[in-house]
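Asks: Sharing a structure below in structure tokens format, with a few things to ask.
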Amino acid sequence: MGEMLNMLNVNSVIKYSTALVIILSVRLLCPIISQIIIFIFHKLFKIETKSVDSGFYGPLKFMFTVIGFGLAIYYLKLPEGIINLYDKVFKILLVLSIARALANCLTPDSTFFSKLEASTRFNGNEQLNAFIAKILKAIIYIVAAFVVMSDLGYNLGGLAAGLGIGSAALALAAQDFVKSIIGGVAIISDKTFEIGDYIQVGLFSGTVIDITFRSTKIRDTQNTIISMPNSVIVTEYVQNWSKMKSRRLEMRLRLGLDTSTETINRCISKIKTMLKANDNIDTESIIVALEEIKEDSNVLLIVAYLKTGEYVEFVDMREKINCSILDVLERENIELVYPTQRVYMKSI
């Protein structure tokens, strides 16, 4: 009797050890098998992406690991309830893995969008591709969720009926959300602005850091993140400062009334010469003229367009020009005056 028990224990150890070896072997071989399958797939469809960089690589490895557990379960001839449970879990994990693999392949620089651009007239930028990718990913996961729920035995007909009953209320509640999605599509397709652009919308301005289904996020000069619904943005005037090819420099200098005409003309000539010698200025846009004679000063107008759209560069260029103008005024012994106001008092 003891010998039989010992034999049974030895057989059990061997059996479970073999099952463990099956699991570990499949786990070790799954990266190689996955790479071979993806390599063949890429060759058939002429895809140049490396096998390990494919969106299918991770899910495929995971499914082979799950298959390894299944082989061990079938080898051990476990009870039918466990086998049925494994079959159900396997189907669910297979659906989720396929959904994840498809979602992984939907990136702005993916082969999908490259093929789409090559075979159609679609010419989306990175933001538009990312927006479309998010929508497609959402659809993929929703479909996968419905498939899983159906496999778990949920009555999708009843669910659909319930959704139909509440569809009117849902539609009313989702109006702003739908408007924001449509607004997001309009923003990206029209290329109103892109991530990294400095924009101004109404009273808010900042650098665009993200464009989602519902909103656009910008970081203002206080380093605060502002989230604005896309439905609001499309109804406002949007100023995209990053699209500017040049920025306008405009200033008015108040020269004293005692400044002679000769000195003013000489100052105007020297400032024009200085501005024209600056490579950062559009010479055709330069205006230096005596704009107005007021009761307290002679007003000198200076206008020029600087060849930059970046605000930081503009500030740096403007500073150097201001210093050069002050240098001209100093050499001509011209002092700037402040606006003054005369007050007459009547004695009683």
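What follows draws every value from the coordinates through simple rules; no lab data is involved. This structure is a prediction, so every number in the text was calculated from the model and none was measured. FYI the Cβ positions are ideal-geometry reconstructions off the backbone, even for glycines, and counts take in every protein chain you see.
Asks: Lys and Arg at +1, Asp and Glu at -1: add these up for the other residues within a Cβ distance under 14 Å of Leu71 and post the number.
Replies: On the way: positive: Lys15, Arg27, Lys77; negative: Asp87.
The answer is +2.
Asks: Just want the ordering: Cys30, Cys323, from fewest to most Cβ atoms lying within 10 Å of their own Cβ.
Replies: Details: Cys30 19, Cys323 9.
In increasing order of surrounding Cβ atoms, one gets Cys323, Cys30.
Asks: Run the count for region 247-331, please: Lys pairs, Cα-Cα under 20 angstrom, 8 or more apart or on different chains. Could the numbers behind the result be given before it?
Replies: Numbers: Lys270/Lys320; Lys272/Lys307; Lys272/Lys320; Lys276/Lys307; Lys276/Lys320; Lys307/Lys320.
Lysine pairs meeting the criterion: 6.
Asks: Place the peptides 260-266, 297-303 in order of packing, highest mean first, counting for every residue the other Cβ atoms within 10 Å and averaging per peptide. Don't jump to the answer; show the numbers that get you there.
Replies: Working: 260-266: 11.7, 297-303: 18.7.
With the highest mean Cβ count within 10 Å placed first, the list reads 297-303, 260-266.
Asks: At what distance in nm do the modelled label points of Leu44 and Ser227 sit from each other, each positioned 7 Å from its Cα along Cα→Cβ?
Replies: 4.3 nm
Asks: Dipole size in debye (nearest 20) for region 178-242 around its Cα centre, Lys and Arg Cβ +1, Asp and Glu Cβ -1?
Replies: Numbers: 5 positive and 6 negative charges, 34 e Å.
Magnitude of the dipole: close to 160 debye.
Asks: A further question on this structure: Where does each of Val312, Val185 land when they are ranked from fewest to most other beta-carbon atoms within 10 angstrom? Write out the running numbers ahead of the final one.
Replies: Values: Val312 8, Val185 17.
Ordered from fewest to most neighbouring Cβ atoms within 10 Å, Val312, Val185 come out as Val312, Val185.
Asks: Structure shown: which of Lys50/Lys77; Lys137/Lys217; Lys50/Lys245; Lys50/Lys191; Lys137/Lys245; Lys43/Lys77 lie over 29 Å apart, alpha-carbon to alpha-carbon?
Replies: Numbers: Lys50/Lys77 39 Å; Lys137/Lys217 21 Å; Lys50/Lys245 40 Å; Lys50/Lys191 32 Å; Lys137/Lys245 37 Å; Lys43/Lys77 39 Å.
Flagged as over cut-off: Lys50/Lys77; Lys50/Lys245; Lys50/Lys191; Lys137/Lys245; Lys43/Lys77.
Asks: Further, regarding this structure: Once R0 is set to 56 Å, what does the formula 1/(1 + (r/R0)^6) return for the Cβ-Cβ distance between Phe204 and Arg27, expressed as a FRET efficiency to the nearest 0.05? Kindly include the intermediate steps, with their values, before the conclusion.
Replies: On the way: r = 53 Å, r/R0 = 0.94.
Given R0 = 56 Å and the Cβ-Cβ separation, E is 0.60.
Asks: Hey, could you grab the Kirkwood Rh for region 178-242? Inverse mean 1/r over distinct alpha carbon pairs, Å, one decimal.
Replies: Working: mean 1/r = 0.0883 Å⁻¹.
When all Cα pairs of region 178-242 are included, the Kirkwood radius is 11.3 Å.
Asks: Shifting gears a bit: Considering Cα pairs under 8 angstrom that are at least six residues apart, work out the relative contact order of region 178-242 and quote it in whole percent.
Replies: On the way: 120 pairs, mean separation 24.7, N = 65.
Once divided by the residue count of region 178-242, the mean separation gives 38 percent.
Asks: When the expected Rg is taken as 2.2 N^0.38 Å, what fraction or multiple of it is the alpha-carbon Rg of region 247-331?
Replies: Compactness ratio reported: 1.10.
Asks: To make sure I understand, if each residue's beta carbon is the centre and we count other beta carbons within 10 Å, what order do Met251, Met228 fall in, fewest to most?
Replies: Numbers: Met251 13, Met228 20.
Fewest-to-most Cβ neighbours within 10 Å comes out as Met251, Met228.
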